[in-house]
Amino acid sequence: MHPPYSPRRLLLSLASVLALAALTTGPAQGAPPPPAPAPSAAAPAAAAVTFSDEFDGPAGSAVNGSKWQIETGDNVNNHERQYYTPGAGNAALDGRGNLVITARRENPGNYACWYGRCEYTSARLNTSGKFATTYGRVEARMKVPRGQGMWPAFWMLGNDIGQVGWPASGEIDIMENVGFEPSTVHGTLHGPGYSGAGGIGAGYTLPGGQAFADAFHTFAVDWSPNAITWSVDGAVYQRRTPADLGGRQWVFDKPFFVILNLAVGGYWPGDPDGSTTFPGQLLVDYVRVSSDAGQPGGGSGPVTGLGGKCVDVAGAATANGTPVQLYDCNGTAAQRWSVGADGTLRALGKCLDVASGATADGTAVRLWDCNGTAAQQWAVPAARDIVNPQANKCLDVAGSSTANGARLQIWTCTGAANQKWTVTR
């Protein structure tokens, strides 16, 4: 049982984020919904990696500055005890392919914290200004520290936090662990009207009394329009959609950046005590972000959907405005689609197009000369939606029909089977 109030972290004193609001959030209880529908039998296309850090390099070296910035300072908002230091003092490569974020009971720099002279040092990294993503799979393989007062986290913030503040920016907590729960991690959403103790989330507990500090584990979210799914080592434990928010605003269809940190103490985990051993270390094997969108050189193949049928150009015609439909898979050129590096989906030398560039539910999709407009831009997240970002709507089979000739359209993303697709190349 978590405490009734679990404040969150504050983005600290980097020049690029001085305007960011103080954060006070934390996981909230919630029963995990059923796992997301299993993919169809057809093999999905390999995802395109849009960000990756494998943390290879000499022992003691700092993180790659082209990918990460290091935050500095303390955090009065959560009453955390650590001071986040610059450089490689508390965040360095170990020479064996890991980033090690180390929390120490020390203060060689005579740092001042909200409570006086700081008692601990640690590190916090983010990709703000260097990398942000909308949708896809965001994952890290990590081994957390053990001990009362330890608070490792892998999370994301909306890239617009400097303009709209928190919690309007949104926050996606991919993994948080507090030392007094050695077998449990939490995944949580925070946004306007559901932040702090009101965050929407759930916990995942290892079986048999295992502790997360005993071994590396992979923590991930699969993120698509109007849906985010959490997993540990591939086991899905919750899926959240706008329906979980009780009418409050869903703020997760825009770019977010990535954060890694190890906090010490605070309202939620409580302070270290005599049982806590220092130094405490968060080991990160890798961080990867991937999406099927814009995968160059991927070849062409069928796009299969509802009832195992294929996305098909009606009559294999190449005239502008030819309808796109669902049809029995037959291996013809009318069913061979390629995902272009420019964000297009192409067949028969033309592009999948939203009629007249409209954004309304039920707008038909069709074949049209490729023209570089937003009506021909498609994101293909790992969650198997095909999304037109301009409309923020999904490719959809009208009426959920499996009949040959069922027309395709765009519709508000619901996560239903008539909006799930497998792109095979």
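The values are calculated or read from the model by the stated rules, or taken from the named source; none is laboratory data. If you're wondering where the values come from, they're calculated on a predicted model, not measured in any experiment. No Cβ is skipped: glycine too gets one built from the backbone with ideal geometry, and neighbour counts run over all protein chains shown.
Which members of region 220-250 meet the condition of being modelled with pLDDT of 90 or more, touching a Pro at 6+ places or on another chain (Cβ under 7 Å) and outside any strand (DSSP E or B)?
Selection gives Arg248, Gln249, Trp250.
For Asn392, work out the one condition from (1) modelled with pLDDT of 85 or more; (2) surrounded by 15 or more Cβ atoms within 10 Å (Cβ to Cβ) it doesn't fulfil.
If we test Asn392 against (1) modelled with pLDDT of 85 or more; (2) surrounded by 15 or more Cβ atoms within 10 Å (Cβ to Cβ), just (1) comes out false.
What number of residues in region 334-385 are under 18 Å from Cys413 (Cα atoms), of a type outside the set (A, V, I, L, M) and not in a helix (DSSP H, G or I)?
10
Test of understanding: among Gly399, Gly297, Gly405, Gly321, which residue is modelled with pLDDT under 95 and not basic (Lys, Arg)?
Exactly one residue qualifies, and that residue is Gly297.
Quick check on region 298-313: of everything there that is in contact with a helix residue (DSSP H, G or I) (Cβ under 8 Å, 6 or more places away or on another chain) and not in a strand (DSSP E or B), which residue is nearest to Thr422 (Cα to Cα)?
Looking at the filtered set, the residue picked out is Gly305.
Do you know which residues across region 135-154 are over 17 Å from Ala91 (Cβ atoms) and crowded, with 19+ Cβ neighbours inside 10 Å?
Selection gives Tyr135, Gly136, Arg137, Val138, Glu139, Gly147, Gly149.
Would you point out the residue of region 132-158, among those that are at pLDDT below 95 and more than 15 Å from Val232 (Cβ to Cβ), that is farthest from the chain's Cα centre (by Cα)?
Among those residues, the one meeting the criterion is Ala132.
When you go through (1) β-branched (Val, Ile, Thr); (2) touching a residue at least 40 places away in the same chain (Cβ under 8 Å); (3) surrounded by fewer than 21 Cβ atoms within 10 Å (Cβ to Cβ) one by one for Val423, which number turns out not to apply?
Unmet for Val423, out of (1) β-branched (Val, Ile, Thr); (2) touching a residue at least 40 places away in the same chain (Cβ under 8 Å); (3) surrounded by fewer than 21 Cβ atoms within 10 Å (Cβ to Cβ): (3).
Among (1) of a type in the set (Ser, Thr, Tyr); (2) touching a helix residue (DSSP H, G or I) at 6+ places or on another chain (Cβ under 7 Å); (3) farther than 26 Å from Asp285 by Cβ, where does Ser195 come up short?
Only one criterion is unmet by Ser195, namely (2).
Applying the selection to region 90-105, what residues are surrounded by fewer than 16 Cβ atoms within 10 Å (Cβ to Cβ), within 20 Å of Pro152 (Cα to Cα) and without any contact (Cβ under 8 Å) to a residue 40 or more places away in the chain?
none
Do we find that Val289 is farther than 20 Å from Thr424 by Cβ, in a strand (DSSP E or B) and of a type in the set (A, V, I, L, M) in this structure? Write out each step before concluding.
Working: farther than 20 Å from Thr424 by Cβ: yes; in a strand (DSSP E or B): yes; of a type in the set (A, V, I, L, M): yes.
Yes.
In the list Asn90, Asn64, which residue meets the criterion of being at pLDDT 95 or above and either more than 24 Å from Pro255 (Cβ to Cβ) or charged (D, E, K, R) (or both)? So that I can check it myself, show each step before the final result.
Working: Asn64 fails: either more than 24 Å from Pro255 (Cβ to Cβ) or charged (D, E, K, R) (or both).
After applying the criteria, what remains is Asn90.
Looking at region 182-219 only, could you name the residues that are free of Cβ contacts under 8 Å to residues at least 12 places away in the same chain and either at positive phi or in a loop (DSSP other than H, G, I, E, B) (or both)?
If the condition is that a residue be free of Cβ contacts under 8 Å to residues at least 12 places away in the same chain and either at positive phi or in a loop (DSSP other than H, G, I, E, B) (or both), then Gly208 is the only one that fits.
Across region 196-219, what is the number of residues that are in contact with a strand residue (DSSP E or B) (Cβ under 9 Å, 6 or more places away or on another chain) and at pLDDT 95 or above?
Total meeting the criteria: 16.
I'm checking my understanding of the structure. Among residues of region 50-86 that are of a type in the set (A, V, I, L, M, F, W, C) and without any contact (Cβ under 8 Å) to a residue 60 or more places away in the chain, which one is surrounded by the fewest Cβ atoms within 10 Å (Cβ to Cβ)?
Our first condition is that a residue be of a type in the set (A, V, I, L, M, F, W, C); within region 50-86, this holds for 51, 55, 59, 62-63, 68, 70, 76.
Of the ones still in play, those that are also without any contact (Cβ under 8 Å) to a residue 60 or more places away in the chain are 59, 62, 70.
Details: Ala59: 11, Ala62: 16, Ile70: 21.
Here the residue is Ala59.
Go through region 340-377 and give me each residue that's of a type in the set (Ser, Thr, Tyr) and surrounded by 13 or more Cβ atoms within 10 Å (Cβ to Cβ).
Matches in region 340-377: Thr344, Thr359, Thr363, Thr373.
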